[in-house]
Structure formats: structure tokens, C-alpha cells
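What follows draws every value from the coordinates through simple rules; no lab data is involved. Note that this is a predicted model, so its numbers are computed, not measured. Glycine gets a Cβ as well: all are built from the backbone with ideal geometry, and neighbour counts include every protein chain shown.
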Amino acid sequence: MAEVRLEHAGDVAVIEIDNPPVNALSQAVRVALAARLGEAMADGTVKAAVIACAGRTFVAGADINELGKPRSPPFTGDIAAQLDGCTKPVVAAIHGTALGGGLELALACHWRVAAPDARLGLPEVKLGIIPGGGGTQRLPRAVGVKLALDMITGGDMIGAQAALEAGLVDEIATRADVRAAAIAFARRAVAEKWPLKRLRDRAVEFAPSELFSRARTEIARRQRGLEAPLKAVDAVAASLKPFDDGLKREQAIFAELQRGPQFGTLRHVFFAEREAAKIPDLPADLPPREITQAAVIGAGTMGGGIALCFAAVGIPVTLIEADKAALERGLAALRRNYESSARRQNLSAAELDKRLGLVKPSLQLAHAAAADVIVEAVFEDLALKQRVFRDLDRIAKPGAILATNTSYQDVEAIAAATARPADVIGLHFFSPAHIMRLVEVVRAKETAPAVVAASIALMRRLRKLPVVVGAAPGFVGNRMLFERSREADRLLRDGASPQDVDRAMVEFGFPMGPFAATDLAGLDISWRMRKARGIVEFPVADALCEAGRFGQKTGTGYYRYEAGSRQGVPDPEADRIISDVRNRLGVAPQPIAAAVIVERLIYPLVNQAARLLEAGVALRPGDVDLIWINGYGFPAWRGGPMFYADQIGLESVRDRLGHLARELGEPALVPAPLIERRVKEGRGFYA
Ligand code: COA
């Protein structure tokens, strides 16, 4: 039950918000908070107030359950205005995460004291909106336009130390006594008669207009298609105006975005993320596994990236590689990668060294013995992986989680190489592993529920987005990708050029077209896999590989790459190879419209996902959407393939699939039984 309590610590009033689990600013909390604040200010014995929270965190924002529904005042902005009017010092005591409306509340206090591990942010853009409680106006007044733009348009949190340096918090307390520290801080403010620091009364420091234009350019590049980040730039730009004018602008933009389509779609994504954490058949009372030590086997790109994920959250990790030169190469690459991402995250050199110091290189598998979790990331070869697991079975301590990072090998066959298959699980990280949030948690038949639960908890601790999938070939993401790749190859055969296909998908919202992406990843790995399995449905890709065109690494693939350039240019030689394939197969090329390209590449994803849902390999349509948004660049603002199919109308998708199946003679495109059933019931995947 939500409660806001008013207690007295001598002459300091402590207003405590208690609304588990995350102290969201629900309607009831806002009403009670406004009332307690009024009472504290009216009480002659109260000299100052502290706003604090019970439980695990400071206010984590608006109540997501109320978002999009009619709400009534007082709104967060009204409480912020009430705080502006307070004539006694008010200090926010922040622990856990101060997010969205929570940070806006704190920004309207006169001072902010934070626990050392507190994190602060305005994540609204991730929901397709902008802060609506004055955050876009007060944050630039606190930290300057540059950081405010970064935080509001990116939606990411910053830590207490960075917040202190930026002027967002005024003091860092020790973990145990953030509230006591805030009370002491308030007493000092009273005793020393500090003038109240109201951000609304401050002018924003000089901000050259390039800051805004640069932010817009960055957004167009990195968050293409999303409306909220661009609108957030407009709102922050309005902070250069008088405060009340800026607030009006913020309100207008907030209201406009709340009416727009992206809010609904991104809210769906948000709820899908919360849902993904819940696995229906896992008992709730599984004992947590303590993880204090990790080991990663294989110091290649994936292994190094995974090791960094552990180090970034303070878990010591042994990085094991059989070959000395490979280990050294791996470590050098790891440092290089981390330096570049540390620059983006404003990590200090000391912090960087501390984190890299947690990665302990080793040439002996025996050094995995102390680890609570071991992630194998060696070359994608089943026999090799099985050998590693046989050895690990001897070495690993009892109860250790044995994970494989395979992206398509049979996890059950790997588990069978050990005498403890219940402890074996797949953790399919995406590349680059220290940046990509998605991890497919691959649950094999014999994986123990406790191991699944512990792996999910561990991935969340690594700040990843774990999505549980079944141990079928290609799991969920790559199994779907296979369908798209086959259709992409057929589009080339039928008359499209790589540029036509890539352009259509980029216009749809993917950051990269499928062929540019394949050139980047390399064509040879899947070529080898196809050859090993006798798959012959990729005539164009096969012909390119036979000509030694493996993508960027060989300078040619679907495109040609000038030395040192990552930007492909159309290549007449590739066109010739494609044209030879058409001639060989007797296909007369036809122009293919962009809209048809989109259908032919998206609908097979939907169809395959429907089959995976039916087979229980994917648990929910939301899980599929998360996998494609976070692992394969599907535009979040379109909600993922399943949500998109519902928007189009599942019946039209079904009809179109049926038509394509006939036209192309492709059995994989015959509408999946689940789709047929849903259409018959007049339903989509979600409704
Ligand atoms: N309103 C209501 N409930 C919320 C909430 C919010 N703003 N944020 C989280 N919750 C709920 C979750 O749904 C979950 O409930 P459940 O246990 O019934 O599923 C619970 O709080 C814990 O959240 P979870 O995300 O599992 O915990 P976490 O410790 O990993 O992360 C947060 C906590 C606060 C960092 C994370 O939940 C978050 O980012 N929340 C959204 C914050 C936000 O966007 N605020 C701005 C809204 S405008």
C-alpha cells in the first residue's frame, strides 16, 4: 500500500515515500506527497525538510501502470512548483535509482545528497516521450546544456560520482546513512543560512548553437526514426528562455508525444522487457546462487567482450586461452575496445584501469576451477566445444554454472559432454558483447530451473536484457534470421540489387541493410555452415563466397570496400556474379518495389516466429520483439516484428504470406498454423 509519511528528526521534517517496489509516483503518492510537503512547510517547528524513500530505491519515475491513462493533478510538475515555493530548505536523499519523475522531484529540491552507488537519469525518451515535470528545464540549469542533452536524448543513467562532478548532486553520503547525511546537510543549510538553491532561478550557462545542431545530427545517425530524442533537443533548447516559457514548451511537446504513435509502441516494448524477466514455470523460491568469480574460455572478440561485461560490474574474471599469442592479441583488443567505449561513457582512466585489472589472463583451463560461472566462447565447432566441456566437467567446482556462448550449436549435445547437464546453459551474447544488451538464455532440456533463474539474475546484474529461449537450432533470433537471409538471397536472384534491398530496409528503420550487415560480419562463416549441412538455397551468397568475396575483411562482398573504408560502394563485379546466378537458374530479373522488399523480408520473420512460439522455443511474442529490437536492429519504434504484424493486421500478413508462398514456391512461407488460428479467431499476436 502506498504511503507517504512525515516524521520529525528534531527540527528537520523527513518525508518518506513508501510505495514498493520502486516508489513510483502514482496518483496516490503524488496527492500524499503534496499534502505532507504542505504540512511540513506549515509547521512552525520545522526548519527544513528531507525527501527520502523507503525500500530499495528513490522514486523510479511515474507509475508505468498509469501511463497513457487519464491522470489527475497534482502532477509531478505541480509538486515541483510547490517545492519551488518552499521557503525552508528541502534536500533530496537519493539511494538506488532516481529516474524520470523521481529525478525531476529531486531537481526541484534545493539540494541533493546521494548514496555512492546511486544512479540518476531521465529515461523518458525510451518510452517515446520527454520528461514532463520540468526535467528538461532544470537539468540544463544544474549540469549545463551539453550533459543535459546527452542524458535527456539518450535516456541513460549516470552514477553518483559523475553526478557530483557535474553539479547534479551536492554531496555523496555513505551507503548506510544517505538519509542521515541529508538531514545533517539540511541542518547545516539552516545553521549557516545558505540561500536556497532554486534551479528555476538560475540561468542556463552559455550554450553555443552547435551543441544543438550536433545533438540533432548524432540523433539522426544513432536514433534514426525516433521522434522523442529530437523533440527533447527542442525542449532543452527552450531552457535558454525564461523558465516559465521553457516549461510551457516542455509541456506542449510532452502532450504532443503522449498523443503520438511512438509512445504506445515503445510502452509495449517497455512492458515486454518487464514481462521477459518472468518465466512461468520457474518456482519463485529458488535459492539465489552467489556469483563472485567468473571465467571466460576463449579470448577472441566474443570472449574478450564477455569478460568486459563481468569486469564492468566489478566481478573478477579469468580470461583463458590456449595459445599465448592469441591471448595477447585478445587482451590488446579488449583494452582498445574498452578504451573507446569508456570514452563514450566518460569513464575516468583510473576507473578504466580498475575494471581492466579485474580481467586476469591465463593459459590454463585449470584456472577456471574457482569460478562460479564459466562462459565458453571458443570457435564455433561442436567437437571443440564438447572437448572444452568435458575438461570443464573435471575442473569446475560443484554447482558452477557452465555456459556456452554458441550462436547456433546444439546446447544439448554440448551439455551431454558433461556428467552434469543440469548445470549447463547457453548464454548467447551478441557482438560486440560489452555493448549489445541482448542475451538469449538458452534453456536445454536438462538445464536445472535454478540454473536458469541464476543465469537470468546474473545477466541482469551485468545490465543485459536476458530473454529465455529453447535449445532449438538457431534458438530464436538466428533461426528467424535464417529465413530472412534466404529471402534476401532470393530477392537478388529475382532482380533486386544489394543496394535496393539495403535501402528499403534502412528506410524501414534498420540501422543497416542486411547485405551491408553481412559484409561487416563476414560471409564465410554461414557459407561453411551451409556447406557442412548441405543447404543449397543461397545461390548468390554461395557464388560470392566461391569468388573469395567474404565481405569487409576481404575488401569485397556484396559491395566493394576501398582500403581502410567501412563504407561499401556498389561493385560491378558483384553485379556480374549475381547476373551469372540468374542466368544459370534461368531467372529473368524484374524490378522489385521497396514495399515488396520489406514484405518479403519482414513477413518470413513473423511466420517463423509464429512457428517458434507454437513449439515453445520462444515463450511470448514480446520476447521475439525484444530479441529482434535488441539483437538485430529492428526499429524499436515499430515495436518488433510481432507487434508490427499486428499493426499491419495479421489477416493481411497471412494473405500476403500465402500469396508469396505460391508465387515463389516456398513452403517456408506458407502461413504458420498459429497465424491461421489467430486470424480465424479475429485476433493478432497480442490481442
Ligand atoms: N512504475 C511502476 N512500476 C515499476 C516502475 C515504474 N516506473 N519501474 C519498475 N516498476 C516495477 C516493475 O514492473 C517490476 O515489477 P514486478 O516485480 O511486478 O515485475 C518491479 O518494479 C521491479 O522492476 P525491475 O525492472 O524488475 O527491477 P530492477 O531493479 O531491475 O530495475 C528500475 C529497477 C527502476 C531501474 C527499472 O525498473 C526501470 O528502469 N524502471 C523504469 C523507470 C522509468 O522509465 N521511469 C520513467 C517513467 S516516465
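Under the classification rounded if a/c is under 1.5, otherwise prolate if a/b is larger than b/c and oblate if not, where does region 357-398 fall, given a ≥ b ≥ c as square roots of the Cα gyration tensor eigenvalues? Oblate is the answer for region 357-398, as a/c is 1.5 or above yet b/c matches or exceeds a/b.
Under a model in which nothing but the beta-carbon of Lys, Arg (+1) and Asp, Glu (-1) is charged, the chain shows a dipole of about 440 debye around its Cα centre. Sorting GLU124, GLU380 by the number of Cβ atoms found within 10 Å of their own Cβ, with the fewest placed first, yields GLU380, GLU124.
Taking R0 as 41 Å, what's the FRET efficiency between LYS193 and SER348 from their Cβ-Cβ distance, rounded to 0.05? That gives a FRET efficiency of 0.70. Look at the Cα gyration tensor of region 1-87: its axes a ≥ b ≥ c give a/c of at least 1.5 with a/b at or below b/c, and that counts as oblate. Of the residues ALA496, TYR561, PHE550, the one whose Cα sits farthest towards the positive end of the charge dipole of region 496-585 is PHE550 (charges of +1 on Lys and Arg Cβ, -1 on Asp and Glu Cβ, taken about the Cα centre).
If R0 equals 45 Å, the separation of the Cβ atoms of LEU382 and ALA595 corresponds to a calculated FRET efficiency of about 0.65. Sparse packing (at most 13 other Cβ atoms within 10 Å of the Cβ) combined with a DSSP loop state is found for the following trypsin sites (Lys or Arg not before Pro) in region 1-64: ARG56. Within straight cross-link reach of LYS278, meaning Cα distance under 16 Å, which aspartates and glutamates are found once same-chain residues fewer than 8 apart are removed? The reachable aspartates and glutamates, counting only those whose Cα sits under 16 Å from LYS278, are GLU440, ASP623, ASP625. Residues TRP111, TRP628, ranked from the fewest to the most other C-beta atoms within 10 Å, line up as TRP111, TRP628.
On full extension, the segment bounded by ALA413 and PHE206 gains 68.3 nm, given 0.36 nm per residue less the C-alpha separation.
Note on LYS553 and LYS324: the model spin-label points, each 7 Å out from Cα along the C-beta direction, lie 2.6 nm apart.
Remark: region 351-360, residue by residue, has Karplus-estimated 3J(HN,Hα) of 5, 4, 5, 4, 5, 5, x, 7, 8, 9 Hz, where x stands for each Gly or Pro and the curve is 6.51 cos²θ - 1.76 cosθ + 1.60 at θ = phi - 60°. Each peptide in 371-377, 596-602 was scored by the mean count of other Cβ atoms within 10 Å over its residues; highest first, the order is 371-377, 596-602. With 0.36 nm allotted per residue and the present C-alpha distance subtracted, the ILE648-VAL587 stretch has 18.9 nm of extension available. For the residue pairs LYS385/LYS445; LYS47/LYS241; LYS360/LYS553; LYS360/LYS397, the C-alpha atoms sit more than 24 angstrom apart in LYS47/LYS241; LYS360/LYS553. According to the square roots a ≥ b ≥ c of the eigenvalues of the Cα gyration tensor, what is the shape class of region 496-585, taking rounded for a/c under 1.5, prolate for a/b larger than b/c otherwise, and oblate for the remainder? Cα axes put region 496-585 in the rounded bin. If R0 is 56 Å, the Cβ-Cβ spacing of GLU39 and ASP234 corresponds to a FRET efficiency of close to 0.90.
Distance from the C-alpha centroid of region 566-595 to that of region 389-424: 44 Å, rounded to the whole angstrom. By the Cα gyration tensor, the chain has an equivalent ellipsoid whose semi-axes, rounded to whole angstrom, run 47, 30, 24 from largest to smallest.
Which residue, ILE51, ILE130, GLY68, has the largest displacement toward the positive end of the dipole of region 48-200 when charges sit on each Cβ (Lys, Arg +1; Asp, Glu -1)? So the residue we want is ILE51. The simple spin-label model puts a point 7 Å past each Cα toward its Cβ; for THR217 and HIS8 those points are separated by 6.0 nm.
The relative contact order of region 496-585, computed from alpha carbon pairs under 8 Å that lie at least 6 residues apart in sequence, is 24 percent. Between ARG677 and LEU520, the distance separating the two model label sites (each 7 Å from Cα on the Cα→Cβ line) works out to 3.7 nm.
Equivalent-ellipsoid semi-axes for region 447-541 (Cα gyration tensor, √(5λ), whole Å, largest first): 32, 18, 11.
Under 15 Å from a label point set 7 Å out along the Cα-to-Cβ vector of ILE535, the amide N atoms of region 584-611 belong to 605, 608-609.
For region 294-472, the spherically averaged projection of the C-alpha convex hull amounts to 8.8 nm².
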